[in-house]
Amino acid sequence: MEIKRLDLGHLYVTARPWPVHGYVILHEQLGVVLVDSGCGGPGEVLRYYKVVNRTVADALDDHGLAPSDVTMVINTHLHFDHCGQNPAFAHAPLMVQHTEHERVLRERDEVTDWIEASGMTFELVDGSIELAPDLRIIGSPGHTSGHQSVVATTGLGTELFIGDAAYTRRIWDSSGIGSLPEGQAADIDAWRGTLGALKALAPERVHFCHDG
Ligand SMILES: [Zn+2]
């Protein structure tokens, strides 16, 4: 298994730019697994967050890959900066938690409309699922109610792809104590529980989406 970080541009939540990262897992059995596809969606949302986008095709090309090489997409959750370039992967299964899909339908906004209009169809996951003996999806609610993370067992040990379960290493290290950026936790108790559960996996490496 080999892991590559994708540079998917940046956006602005505060005055400072936030990087946007996705990840590729080159897996012997599963092929090219993409964790989060980057920014996309309705123009008003992209303008609001002042998105300076990078296409996932360009980001993959940095590693000698093309969208057509991707065999599976895992969306940690359905915020526009994590599923926004899903339309480039109509040929691949899009794995998302059932509860996350229900959430976007329930909380319906312009991103929901965009997801529906794009025609993307999801493969819905309930909680944990083993994709291969060394790769699994686990539920990690709190940032959103249906957030999920990816657990890989590599030569290094346990590696986690945590989406927005913690935006940055600083938040991960804080263990949820102290002030949080806006939007970090939709449900603070669930979020703290998830952070504790992820830390209990004793990861050798944690892959963030919005850390420098
Ligand atoms: Zn998010």
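The values are calculated or read from the model by the stated rules, or taken from the named source; none is laboratory data. Remember, it's a predicted structure, so these values are computed and weren't measured experimentally. FYI the Cβ positions are ideal-geometry reconstructions off the backbone, even for glycines, and counts take in every protein chain you see. Note: accessible area is taken over every heavy atom of the protein model, side chains too, but ligands, DNA and RNA are not part of it. Shrake-Rupley method; radii C 1.70, N 1.55, O 1.52, S 1.80 Å.
Observations on the structure shown:
- The helices (runs of 4 or more DSSP H) found wholly in segment 1-112 and carrying at least 1 residues that are charged (D, E, K, R) and more than 16 Å from the ligand (Cβ to nearest atom) occupy 43-48, 56-61, 98-106.
- When residues of segment 177-199 are limited to those that are of a type in the set (A, V, I, L, M) and assigned to a loop (DSSP other than H, G, I, E, B), the one surrounded by the fewest Cβ atoms within 10 Å (Cβ to Cβ): Ile177
- Qualifying residue in segment 70-77 (condition: within 19 Å of Val150 (Cα to Cα) and open to solvent by 40 Å² or more (accessible area, probe 1.4 Å)): yes
- Of all residues in segment 134-150 being in contact with a helix residue (DSSP H, G or I) (Cβ under 7 Å, 6 or more places away or on another chain) and over 13 Å from Ala197 (Cα atoms), the one that is surrounded by the most Cβ atoms within 10 Å (Cβ to Cβ): His147
- Of residues in segment 136-147 being within 12 Å of the ligand (Cβ to nearest atom), closer than 18 Å to Leu94 by Cβ and not small (Gly, Ala, Ser), the one nearest to the chain's Cα centre (by Cα): His147
- Test: residue in segment 153-163 that is part of a loop (DSSP other than H, G, I, E, B) and within 16 Å of the ligand (Cβ to nearest atom): yes
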